[in-house]
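S.K.: Can you keep this structure in mind? I'll have questions shortly.
Taken together, the values in this text are just the output of simple stated rules run on the coordinates, not laboratory data. The model shown is predicted, which means the values in this text are computed figures rather than measured ones. Using ideal geometry, Cβ is built from the backbone for each residue, glycine included, and neighbour counts are taken over all protein chains shown.
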Protein chains: 2
Amino acid sequence: MKVSEIDNMAFESLLYDFYGVLLTDKQREVMELYHEENYSIVEIARELKVSKQAVYDNLKKSDRILREYEAKLGLMLSLLKSRELIGSVQDRIDELMKSPELTDDGEVKKGLLEIREMISGLEE
Amino acid sequence: MKVSEIDNMAFESLLYDFYGVLLTDKQREVMELYHEENYSIVEIARELKVSKQAVYDNLKKSDRILREYEAKLGLMLSLLKSRELIGSVQDRIDELMKSPELTDDGEVKKGLLEIREMISGLEE
């Protein structure tokens, strides 16, 4: 997914993936049901035996906390942009490997494969 | 600097660079004097008109907070390893560009230069 194509819901899920460990257990439990299990607010309220309002407030608060972390650290956006760039670099390497200038057993083609392999380690 | 070569003091400074925005203004002020200005604890105490013990406690607390963020998020180590890997990829590209298989005006050499440029955007 391109950074420019991330909608608000996907952004909230990504924030949760990224900074979720910084929330309390209770906040994580609600976020987990909402973003990972795709429960509705009504379903979460039933599951946890609390009011819909309590679920809503909990989600809003968690979302605000996660956004504050990202506003201060900006690490998530930076990582997403890096991944996008890594994808472009890999595409460019794939293109180059098809060049008629190169032979299959030449050092450049082997080197390009090696670089592609090294770069894939950056995607994690 | 290689990840394996980072000593404890450098590690604390890096943690501060990375997560320092999450500290309070007061904690940041002390960390700034210690890690950026290289003041001693005695000098900080004099500068801020507080006891040496207060400075020491403040530094210890900030350090513990920063380490907790890194223990939970692990983003700093991951970024440092990425930078190290990017450096290796750039070195490998530089080597390949010297290959006698390539000509200066060929598409592969131009492509390698372009990839090198793209990758340098990952270092920030």
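S.K.: Which one of these does B:LYS60 not meet: (1) of a type in the set (Lys, Arg); (2) out of contact with any helix residue (DSSP H, G or I) (no Cβ under 8 Å at 6 or more places or on another chain); (3) under 18 Å from A:GLU70 (Cα atoms)?
M.R.: Unmet condition: (3).
S.K.: Within the stretch A:75-92, can you find the residues that are hydroxyl-bearing (Ser, Thr, Tyr) and either farther than 22 Å from A:GLU117 by Cβ or more than 8 Å from chain B (Cβ to nearest Cβ) (or both)?
M.R.: Result: A:SER78, single match.
S.K.: Out of the stretch A:98-120, which residues are at the interface with chain B (Cβ under 7 Å from one of its Cβ atoms) and under 12 Å from B:LEU102 (Cβ atoms)?
M.R.: Result: A:SER99, A:GLU101, A:LEU102, A:GLY106, A:GLU107, A:VAL108, A:GLY111.
S.K.: Please find, among B:GLU123, B:GLU32, B:GLU68, B:GLU95, the residue that is surrounded by fewer than 17 Cβ atoms within 10 Å (Cβ to Cβ) and away from chain A (no Cβ under 14 Å).
M.R.: So the residue among B:GLU123, B:GLU32, B:GLU68, B:GLU95 that is surrounded by fewer than 17 Cβ atoms within 10 Å (Cβ to Cβ) and away from chain A (no Cβ under 14 Å) is B:GLU32.
S.K.: Moving on. Might you let me know whether the stretch A:93-100 holds any residue that is small (Gly, Ala, Ser) and under 30 Å from B:LEU77 (Cα atoms)?
M.R.: Looking through the stretch A:93-100, none of the residues is small (Gly, Ala, Ser) and under 30 Å from B:LEU77 (Cα atoms).
S.K.: Also, quick follow-up: Give me the residue from the stretch A:1-29 that is surrounded by 14 or more Cβ atoms within 10 Å (Cβ to Cβ) and hydroxyl-bearing (Ser, Thr, Tyr) and, out of that set, nearest to B:ILE65 (Cα to Cα).
M.R.: A:TYR19
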